Every structure is written in C-alpha cells, then in structure tokens.
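Engineer: Got a structure for you, written out below as structure tokens; questions coming shortly.
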Amino acid sequence: SERTVLLSIGKQANKVKLLPSIKKLADGGYKLYATEKTHQFLKSKKILSILVHKISQPSKIPNLRSMLEAKRFDFIINIPTSSEDTKEKTDGQIMREMAVLTNTHLITSVSVAEDFVEKLYKERVFRS
C-alpha cells in the first residue's frame, strides 16, 4: 500500500537539516507531498514531491484542506517558522488542528522528525 508524508518545513536551515531524513523517506518508498517553499527546495535538490497548495488558497488544487479531510497522509512533518506572517501562521495552525482531528501523526520538531525517520529506517519499515 502507498505510504505518504506531507512536508511543510519553515526556515531554510530546517529544510537543510532535515534533507538526509527526507532522502531516506523518498528512498524508502514514501510519496512526498510538500507545500510550496518546501516543494521548491526539494525540487532544487532533485527530490520528487507533489505540490500541495495551502489552506488559504482554496481555489488551487490539490489543496491541503481537502487532502487532510480525506486523511491522505500517513504523517505530517510541519516545522513552523517563528515568522509574524499571519497568513502562514493561520495556515499552520489550521493544518495542525486538522491533523489532530483526523488522527494524523504530526511532528513539529526537527529533532523529533529526524529521530522518527531514523526509527522507521532501523525498523525496516521502508520498502526493500
């Protein structure tokens, strides 16, 4: 069965730090979905991902809200920025609330994300 993860990672430094873990997910057979800036970062690193538009862009498809409502992701790695950008903060808050409501595993810490992916890797959850 298909395994999916949503990546929405704020700050360039966090994207770079999580790159080895993201590569493990991709190499392990996970289908990667990503919000715009994360998608562009992954594309620049030649890692395939599917662009998912933010909740605040409801007319754009695929949209994060409908994918969350459909319980499309096995887990979400959402590393918020500490930005004062109200729209991004609201999108992130809604995303995290919807993850909780749909019982989707949610990781909001770089170190926890690294540990989680490493555990998946060691337990050979990945496709051989």
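The values are calculated or read from the model by the stated rules, or taken from the named source; none is laboratory data. Computed from a predicted model, the values in this text were never measured in an experiment. Methodologically, a virtual Cβ is constructed for each residue, glycine included, from the backbone with ideal geometry; neighbour enumeration extends over all protein chains shown. SASA here: full protein model, heavy atoms, side chains in, ligands and nucleic acids out. Shrake-Rupley method; radii C 1.70, N 1.55, O 1.52, S 1.80 Å.
Engineer: In region 97-117, what residues are surrounded by 15 or more Cβ atoms within 10 Å (Cβ to Cβ) and among the aliphatic types (A, V, I, L, M)?
Structural biologist: MET98, ALA99, LEU106, ILE107, VAL110, ALA113, VAL117
Engineer: Within region 5-48, which residues are of a type in the set (Lys, Arg), more than 20 Å from ASP115 (Cβ to Cβ) and either open to solvent by less than 80 Å² (accessible area, probe 1.4 Å) or touching an Asp or Glu at 6+ places or on another chain (Cβ under 9 Å) (or both)?
Structural biologist: LYS31
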